[in-house]
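Okay, so here's the structure we're looking at.
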Number of protein chains: 4
Amino acid sequence: MRTMNIHYDAIIVGGGVIGSSIAFHLSKRGKKVLIVEKNQLATKASSAAAGMLGAQTELEKDSPLYRLARKSRAMFPKLSQELKELSGIDIELVQNGMVKVAETDEEMSLLQSLVPLQQKLGEEAEWIPSEELRTQEPALSEHIKGAMSIPNDGNVSAPSLSKAFAHSAVALGADIQEYTEVYDFIKEENKVKGVQTLAGRLYADETIVAGGAWSEQLLKQAGIQLNTYPVKGECFSVKVEISPIMRTVFANGCYIVPKLGGRLVIGATEKANTFDESVSLKGVSRLMERATKIIPELENAQWEKAWAGIRPQTEDGYPYLGRHPEWEGMSIATGHYRNGILLSPISGWQMAELLDGKELDDHFRVERNSIRELRI
Amino acid sequence: MRTMNIHYDAIIVGGGVIGSSIAFHLSKRGKKVLIVEKNQLATKASSAAAGMLGAQTELEKDSPLYRLARKSRAMFPKLSQELKELSGIDIELVQNGMVKVAETDEEMSLLQSLVPLQQKLGEEAEWIPSEELRTQEPALSEHIKGAMSIPNDGNVSAPSLSKAFAHSAVALGADIQEYTEVYDFIKEENKVKGVQTLAGRLYADETIVAGGAWSEQLLKQAGIQLNTYPVKGECFSVKVEISPIMRTVFANGCYIVPKLGGRLVIGATEKANTFDESVSLKGVSRLMERATKIIPELENAQWEKAWAGIRPQTEDGYPYLGRHPEWEGMSIATGHYRNGILLSPISGWQMAELLDGKELDDHFRVERNSIRELRI
Amino acid sequence: MRTMNIHYDAIIVGGGVIGSSIAFHLSKRGKKVLIVEKNQLATKASSAAAGMLGAQTELEKDSPLYRLARKSRAMFPKLSQELKELSGIDIELVQNGMVKVAETDEEMSLLQSLVPLQQKLGEEAEWIPSEELRTQEPALSEHIKGAMSIPNDGNVSAPSLSKAFAHSAVALGADIQEYTEVYDFIKEENKVKGVQTLAGRLYADETIVAGGAWSEQLLKQAGIQLNTYPVKGECFSVKVEISPIMRTVFANGCYIVPKLGGRLVIGATEKANTFDESVSLKGVSRLMERATKIIPELENAQWEKAWAGIRPQTEDGYPYLGRHPEWEGMSIATGHYRNGILLSPISGWQMAELLDGKELDDHFRVERNSIRELRI
Amino acid sequence: MRTMNIHYDAIIVGGGVIGSSIAFHLSKRGKKVLIVEKNQLATKASSAAAGMLGAQTELEKDSPLYRLARKSRAMFPKLSQELKELSGIDIELVQNGMVKVAETDEEMSLLQSLVPLQQKLGEEAEWIPSEELRTQEPALSEHIKGAMSIPNDGNVSAPSLSKAFAHSAVALGADIQEYTEVYDFIKEENKVKGVQTLAGRLYADETIVAGGAWSEQLLKQAGIQLNTYPVKGECFSVKVEISPIMRTVFANGCYIVPKLGGRLVIGATEKANTFDESVSLKGVSRLMERATKIIPELENAQWEKAWAGIRPQTEDGYPYLGRHPEWEGMSIATGHYRNGILLSPISGWQMAELLDGKELDDHFRVERNSIRELRI
């Protein structure tokens, strides 16, 4: 392992979209970084994602997360060009908007009330009544009572984005080491000096844990208890000659994302507290039922495949982006739940800021809730 | 192509389960045979099948097909040993029986009336009332009103059976040529002398067309019109730790077949007149709905995959097993629809009998209905 | 099949890169076209290709094919943008050049003599001596005596190009019908009116056969004998963290093409007169031997996979682009051998010109050599 | 997780062939056991193995391992039947023997000296001179100087054996929990009470670590240092119509194992101290070179695929089969290196004996060498 003899500026534990974005942003600032990944790059939740950039989709009130998401979404157009230039990889950014549909009067009232809120916060949003909606999106079912249109939420290819971050980082000098599991940290007094892997020790000034749902386990082994838990999400995809919808359709219990080349991704179930990556018959059958209820002609689409990803959720729903409260040389970036793709640009940028000595937003600090040391 | 220089006793067009069984039975009689397959052996309907040996399952009255099916089913135990000895391949014969369940009063009356008929025809069958059924098969839904039990219908692994036939034939001296498409016959006066392939001419005393749903096209190109049509069948499979059922469960619109190693195969839809091997969302979602209606706990099973096969159906529902009505040196074995796996042993044996000069059952003769010459 | 009731301007038989380019170019001119594909779009030679745009690489003298290739290569930059806009698909155009290396004195003399010829014909080319070459491409083996550099030959993703053509055509109104085999033409007197498929008849004013290596068979069935033959090409790919080479390296018996994301494609063997798509141990082992001779450190690369494609070669090495010599309403575009990806833009454009009544280059006319009617 | 509420007789950490055999043997003795597997059953080294039962193949002198291997090999015929009855799965036991070929005079002398040793130890073995060898196995290269024939070494399907053990255990009442990573033990004073997994705690009277190459890491986290290290082995497979060899051929640097249905598995490289499961170009190309040197006509075989597995080797080459030296309720079964398939029956049986209070062979005791506590 040639990487053994290098002392890195930073080691990033985890080669998913967050870890790869951090590697990219640090490499841009001239740092020599290493991504250590226990399997292969971008093979877990980062490639399972539908790739929605739903900054406004889930808003119900203003919040630090909402502001973080909007900032991150705004980074995509420039980032897309930058990653293409460095890695040659196209992240398939599509800025076609979303409609969040109402199937009941309650849903309609709620969505209608969110429109002025979005506008007040400086974002575009508008209510589209039933008849107009069906003119714009004729494939939507007749029972739909209207929709909140969000013209600025788009989507990317999640696997392409992850690969583009990683290969752009490599183009800027980063190293990658796959099939290497980190099981502990190298610590001297209060300072983390690197990581212990099954294949030996690796040294760096800074160690950043970006292991998604698996971060908690690693940190637990090192004596830290994060307040995160894994949430499985199941998805499936179909193929059509022409997409029946122009934009992502978001409904209660299901979203339908048009991708390039006649694919549609339908997601996602939510099952908490499991690392089991298998897809249940129940999960896929409920998604099918919801999707064909919303867009009846999907029935005629061609089945492609089903899959699942394990996402890290936190107690308060906010990601962790910050330094370890007591140990020097160690930071954490995880807990992005179902916003990992959307938040990856800003997360990578913020972690680079952090290592450059900037203060980050308090709301995402690691010690904001019950983090505690398990072992002394 | 070394096979170019050999004059074969017989060339079999089609490397599915029927063609491979014919090759096996002819090789056993000392004939030098060649299987010509346009793709790879056993990759189409023969490997898509659930492998049910449902000789009695579909009976509603005595018929030549019913008798053929029973004879074929009876061949499996000895065949299973023979193929294992020659090829080493286990066809996974399971003789665990089937239950055909009634969900309505009409279905119950019908099934109850079939029991004495089966018995009169010399087969075992019995009516199991609701309570007793649920003692035997507790996973069945409460709404099921009872079932006709058929203890002697079992199942095999369809892909293993196809491969075992082919590799046993090879062990006995047969040749196989994959990726070779036959597009016409070599004919001298009234006698077929072999086939024309994209890779050249192949010669034999006898040419047997066993191309499944694709036979009609080949024969059409040679000026013959069979009365067959393709019927797509879609299936899916799930994994469980322990099978919730002991036997195959057959219901209206769906069957559930327990396979080795915790797999269950659920089939099959029927869509006529298409060669499109894709799986529709509608097809798989209806199968799921039916299957979980019959066995509610299937919901918790792990999704594996979905697939489709194209089966050849005939106008009267009987396969074609016989000589060409006018051309010498040419025979046809196709039209087995959803009984291809079950009927493969007897079909192979009968074609071997035919080439040895025996007369076959008139009901399966090629000229029994509107076959006609398209070209002179 | 909804397409049954439409009378098309043109039906294109074959959904590979050539057929899809024709569909795209005809759709741009407002024609209503249908692609009929017997399997799935872009699954044969079109997706097996390494995607080199080697317009100058194989030149040994000026020729109509050389001029066609240069014209086609020049179309890629604009085409890349156009396809991205219409389909969202990035064809991964990389214009990084090629080096054609000399391993012997004979090869060196030959290549050195080609440099002025290329320049005379208006193309960039230059001889790079051994030492300078190894400065530019340090991974090349020491035994290499120099190389002809061709700065303007690049590469694309062959599967992406095929899909981008097809989906751009669809965006412009084209229809696609997969899993549909054409086995004959509909002809009235001297005029072709459409095609006969396994799933019924399809009608159009113009029928264009673009079936790659399978075109000959289809045309043979319709009574025409093209002078083409299939040539199998085997390839394999590896993964590396950083590509050891900047440009495509072309040597005697092997080329090595750097692709995005750390992949290298190594090709290609040539085996004539077979439709067998399997990969031989010999083929892959000789490619490996050649590739590691040229770039020794490839040894440490990670094995990915091997595959093969069947390409249509013609007697004089020129593709067929033109009208049927006697039948009205029928054209042919095949015989592109290992230049299918490179020639796809110009081939599509030329066929569109042809249908608009223009005359094409005589060198590619269908009747230029021994085409003949087999059947009257 | 329903298994949460059960107190098991034994928990087995690792669902490979060793863990599954232990589960089977314990279940036969009426124990309620649970296999906990971090990915899916039998997906790592256990399914990567070629399945050779080479008890005599590697012998160079009598040893406890040699005697263990012979005992284990003798268990296969009866085991094969037993597993087939319980699980329906055929392990594809073939008792066709092996030839260990000599390519040099040195190899010849060595092998000739081993024949009387084998015989003295009560095993069949014989020297076959060159000419006779080539009569028996005409596909072997002319340069081979003869071979030691071992008629009683055969092979099985490694994936089928693993699955058959696991599903037979399930048929006898065992539970399986996939996608569940154990990261620590539950310990009260000196007694292990179960395991801590990412999904919660699991309790049992006995905990058996059978995690292959990953055992060391788990035990290290629990404060124990085994003397094992991972060794990657790369293999590839080809397809042929008829196997060119009747028996497994074992040469310096490569073995060639004929499997059912015209497959041959060629293995295996050895690369120590890595968990990287990728296949290197160098590895696969050297195996190819060796294999075609031994059997030249393999060149014409059809490439299938390449893969790698990570096997646990120990310092003295003996597996660990025994109790933890200090902790109660904890045992270890790992370190089988490239004999895992061969040794799985005896290993399962011995661990069952151990839990029933029997003493095992001292040579395989865990504390035989430098095991030590890392953490107190």
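The values are calculated or read from the model by the stated rules, or taken from the named source; none is laboratory data. A quick note: this is a predicted structure, and the numbers were derived from the prediction, not measured. Please note: Cβ atoms are built from the backbone with ideal geometry, for glycine as well, and neighbour counts cover all protein chains shown. Heads up: the accessible areas ignore ligands, DNA and RNA and are worked out on the full protein's heavy atoms, side chains in. Shrake-Rupley method; radii C 1.70, N 1.55, O 1.52, S 1.80 Å.
Pairs meeting the criteria (first residue in region C:147-158 and under 24 Å from C:Lys84 (Cα atoms) and in contact (Cβ under 8 Å) with a residue 24 or more places away in the chain, second residue acidic (Asp, Glu) and assigned to a loop (DSSP other than H, G, I, E, B), beta carbons under 9 Å, at least 6 apart or on different chains) are C:Asn152/C:Glu123; C:Asn152/C:Glu124; C:Asn155/C:Glu92; C:Val156/C:Glu92; C:Ser157/C:Asp90; C:Ser157/C:Glu92.
Among the criteria (1) in contact (Cβ under 8 Å) with a residue 60 or more places away in the chain; (2) within 14 Å of chain B (Cβ to nearest Cβ); (3) within 23 Å of C:Thr57 (Cα to Cα); (4) surrounded by fewer than 22 Cβ atoms within 10 Å (Cβ to Cβ), the one C:Lys259 does not fulfil is (2). When restricted to residues that are basic (Lys, Arg) and open to solvent by 40 Å² or more (accessible area, probe 1.4 Å), region C:79-103 contains 1. Selection over region A:281-303 of residues that are more than 15 Å from A:Tyr255 (Cβ to Cβ), open to solvent by 30 Å² or more (accessible area, probe 1.4 Å) and not acidic (Asp, Glu) gives a count of 5. Residues in region A:247-261 that are assigned to a loop (DSSP other than H, G, I, E, B) and not basic (Lys, Arg): A:Asn252, A:Gly253.
From the list C:Gly14, C:Gly30, pick out the single residue that is free of Cβ contacts under 8 Å to residues at least 12 places away in the same chain, on the phi > 0 side of the Ramachandran plot and not assigned by TED's automatic domain parsing to the domain that holds C:Val115. After applying the criteria, what remains is C:Gly30.
Selection of region A:262-291 for residues being within 14 Å of chain D (Cβ to nearest Cβ) and either assigned to a loop (DSSP other than H, G, I, E, B) or small (Gly, Ala, Ser) (or both) yields A:Ala272, A:Asn273, A:Thr274, A:Phe275, A:Asp276, A:Glu277, A:Ser278, A:Val279, A:Ser280. Give the residue that is surrounded by the most Cβ atoms within 10 Å (Cβ to Cβ), with candidates limited to residues of region C:154-172 that are closer than 26 Å to C:Val101 by Cβ and in contact with a Phe, Trp or Tyr (Cβ under 9 Å, 6 or more places away or on another chain). The extreme case among them is C:Val156.
The number of residues in region C:197-211 that are under 28 Å from B:Arg311 (Cβ atoms) and surrounded by fewer than 18 Cβ atoms within 10 Å (Cβ to Cβ) comes to 2. In region A:159-170, the residues that are β-branched (Val, Ile, Thr) form Cβ pairs under 7 Å with partners that are modelled with pLDDT under 95 and open to solvent by 10 Å² or more (accessible area, probe 1.4 Å), at six or more places apart or across chains, as follows: A:Val170/C:Glu241; A:Val170/C:Ile242.
Residues of region B:310-320 being crowded, with 17+ Cβ neighbours inside 10 Å and in a loop (DSSP other than H, G, I, E, B), which ones? Across region B:310-320, the qualifying residues are B:Tyr318, B:Pro319.
Selection within region A:26-58: residues that are of a type outside the set (Gly, Ala, Ser) and open to solvent by less than 10 Å² (accessible area, probe 1.4 Å). The member of this set that is nearest to D:Asp276 (Cα to Cα) is A:Val36. If the condition is being in a helix (DSSP H, G or I) and within 14 Å of chain B (Cβ to nearest Cβ), then region D:76-95 contributes D:Ser80, D:Gln81, D:Leu83, D:Lys84, D:Glu85, D:Leu86, D:Ser87.
Could you list all residues from region C:59-78 that are open to solvent by less than 10 Å² (accessible area, probe 1.4 Å) and within 20 Å of A:Glu92 (Cα to Cα)? Across region C:59-78, the qualifying residue is only C:Phe76. Residue count for region B:182-195, restricted to those that are surrounded by fewer than 19 Cβ atoms within 10 Å (Cβ to Cβ) and either without any contact (Cβ under 8 Å) to a residue 24 or more places away in the chain or under 22 Å from C:Thr228 (Cα atoms) (or both): 5.
Meeting the requirement of 1 or more residues that are among the charged types (D, E, K, R) and within 13 Å of another protein chain (Cβ to nearest Cβ), the strands (runs of 3 or more DSSP E) wholly within region C:96-193 are C:175-177, C:182-188.
To keep it simple, each residue is scored yes or no on (1) among the hydroxyl-bearing types (Ser, Thr, Tyr); (2) within 14 Å of chain D (Cβ to nearest Cβ); (3) outside any loop (DSSP other than H, G, I, E, B); (4) open to solvent by 10 Å² or more (accessible area, probe 1.4 Å).
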| residue | (1), (2), (3), (4) |
| --- | --- |
| A:Phe236 | no, no, yes, no |
| A:Lys305 | no, no, yes, yes |
| A:Ala308 | no, yes, yes, yes |
| A:Trp349 | no, no, yes, yes |
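Filtering region C:194-230 to residues that are β-branched (Val, Ile, Thr) and within 13 Å of chain B (Cβ to nearest Cβ) leaves C:Thr197, C:Thr228. Only one of the listed residues (C:Gly357, C:Gly348) is over 30 Å from C:Glu137 (Cβ atoms) and out of contact with any strand residue (DSSP E or B) (no Cβ under 9 Å at 6 or more places or on another chain). That residue is C:Gly357.
In region B:212-227, which residue that is surrounded by fewer than 22 Cβ atoms within 10 Å (Cβ to Cβ) and assigned to a helix (DSSP H, G or I) is modelled with the highest pLDDT? Among those residues, the one meeting the criterion is B:Gln217. Taking the criterion of being in contact with a strand residue (DSSP E or B) (Cβ under 6 Å, 6 or more places away or on another chain) and within 26 Å of D:Asn252 (Cβ to Cβ), the residues of region D:308-330 that qualify are D:Ala308, D:Gly309, D:Ile310, D:Arg311, D:Pro312, D:Gln313, D:Thr314.
In the set (1) without any contact (Cβ under 8 Å) to a residue 24 or more places away in the chain; (2) more than 10 Å from every other protein chain (Cβ to nearest Cβ), C:Gly253 fails one condition alone, (1).
Going through (1) surrounded by fewer than 24 Cβ atoms within 10 Å (Cβ to Cβ); (2) among the aliphatic types (A, V, I, L, M); (3) outside any helix (DSSP H, G or I) one by one, A:Ile332 falls short only on (1).
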